[in-house]
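Here's the structure, in structure tokens; my notes come after.
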Amino acid sequence: MLNLIAPGHRELERYYPLFETEFDSEELLSRLAIHKGMLNGSIEFLVLREEESGMDAGCALVLTKNLYGYVDLKYLAVMPWFRGRGLVVELMRAIHRRYADSQGIIAELTEFDDPDPDRLKKLRKFFARFGYEEIPSDYTIRGVRANLLVKPMQGRADVAPIAHRVIPDFYSRFLSPAALWSMMEIRKAEKKQ
């Protein structure tokens, strides 16, 4: 049986190197910022634990506090020893159950250089399988385009008109204003004619 748990700071330290290997350093939040967010309740570090073996199968970092009722699935990773078993699907389902009462779940897909030229295509397909829809956005992380995908839960998918307020609101809970604005730039998306 798999259970989604919210362990503490010690487990974050144990699994932070996984985030370092799975995500570009430019999009990676610092340990200090994550710990601060966990302390003030604006970040949840989640682990999918296999109860029979006691082993952790995957983990996620979710930004949970903002004025708009959405959550941001910042990082999602399956442990190397559990890959190829479909556990990323179980992890995603568990996250959806956990945040079923939210307005929706936002995912950020960055366009950093990757050895796999089809990475973004694969990620879009994966998220679409779970009902995520890409929304128009004018968003960059450290100068690199970031695409926003939304899975409506209680709210609507079209958060594009307010995304330029929602995204900075997540990060302002644990980053200083200088760190926030050096990391990201987001403007209201232009309406397509």
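The values are calculated or read from the model by the stated rules, or taken from the named source; none is laboratory data. Everything quoted here is computed from the prediction, not taken from an experiment. A quick note on method: Cβ atoms are made from the backbone with ideal geometry, for glycine too, and the neighbour counts reach across all protein chains shown. What goes into the accessible areas is simple: the full protein's heavy atoms, side chains included, and nothing from ligands, DNA or RNA. Shrake-Rupley method; radii C 1.70, N 1.55, O 1.52, S 1.80 Å.
Might you tell me the accessible area per residue for the chain, computed with a 1.4 Å probe and given in Å²? Intermediate results must be reported in sequence, preceding the final value.
Working: 9830 Å² over 193 residues.
In whole numbers, the chain has 51 Å² accessible per residue.
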Problem set entry | Stretch gain in nm, segment S172-A100, where the contour uses 0.36 nm per residue and the Cα spacing is subtracted | 23.5 nm
For this session: Under 1.5 on a/c is rounded, so check that first for region 147-193, then, if it is not, pick prolate when a/b is larger than b/c and oblate when it is not; a ≥ b ≥ c are the square roots of the alpha carbon gyration tensor eigenvalues.
Result: oblate
Seminar exercise, completed: With the dipole of the chain defined by +1 on each Lys or Arg Cβ and -1 on each Asp or Glu Cβ, the option from T21, V150, G58 whose Cα lies farthest towards the positive pole is V150
Exercise. Per-residue accessible area for I106 at 1.4 Å probe radius, Å² rounded to 10?
Worked result: 10
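For every helix of n ≥ 4 consecutive DSSP H residues, a contribution of -39,500 (n - 2.57) applies; sum these over the chain, divide by its total residues, and give [θ] at 222 nm rounded to the nearest 500 deg cm²/dmol.
Details: 6 runs with 66 residues, N = 193.
About -10500 deg cm²/dmol.
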Problem set entry | Virtual paramagnetic centre 7 Å along Cα→Cβ of F126, amide N under 16 Å, in region 65-104 | 73-96
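Pop out the carbon and sulfur fraction of the accessible area of the chain as a percent, whole number, probe 1.4 Å.
Working: 5020 of 9830 Å².
Of the solvent-accessible surface of the chain, carbon and sulfur hold 51 percent.
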Exercise. Roughly speaking, what is the centre-to-centre gap between region 49-88 and region 134-193 when only Cα atoms are used, to the nearest Å?
Worked result: 22
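On a 1.4 Å probe surface of the protein chains, which of T110, T140 comes out largest in accessible area, and what is the full order? Walk me through the intermediate numbers first.
Working: T110 5, T140 35 Å².
Ranked list, largest accessible area first: T140, T110.
Let me know the charge dipole size of the chain about its Cα centre in debye, to the nearest 20, where only the beta-carbon of Lys, Arg (+1) and Asp, Glu (-1) is charged.
Numbers: 28 positive and 28 negative charges, 105 e Å.
It comes to approximately 500 debye.
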Exercise. Taking the Cα atoms only, what angle lies between the long axis of helix 119-129 and the longest principal axis of the chain, rounded to 10 degrees?
Worked result: 80
Problem set entry | Order of exposure, largest accessible area first, which applies to L2, L91, L120 with probe 1.4 Å | L2, L120, L91
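Full extension from R83 to R14: what is 0.36 nm times the residue separation minus their Cα-Cα distance, to one decimal in nm? Present the calculation step by step, with values, prior to reporting the outcome.
Numbers: separation 69, 0.36 × 69 = 24.84 nm, distance 1.84 nm.
Gain on extension, R83 to R14, equals 23.0 nm.
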Exercise. Name the trypsin sites (Lys or Arg not before Pro) in region 15-83 that are in a loop by DSSP and that have at most 11 other C-beta atoms within 10 Å, would you?
Worked result: none
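Could you give the size of the charge dipole of region 120-191 about its Cα centre, using +1 on the Cβ of each K and R and -1 on the Cβ of each D and E, expressed in debye and rounded to the nearest 20? Before the final figure, lay out the partial values.
Numbers: 14 positive and 7 negative charges, 65 e Å.
Using only the charged Cβ atoms, the result is roughly 320 debye.
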For this session: Over 19 Å between C-alpha atoms is what I'm after, so list which of K65/K121; K125/K151; K74/K122; K65/K188 land there.
Result: K65/K121; K65/K188
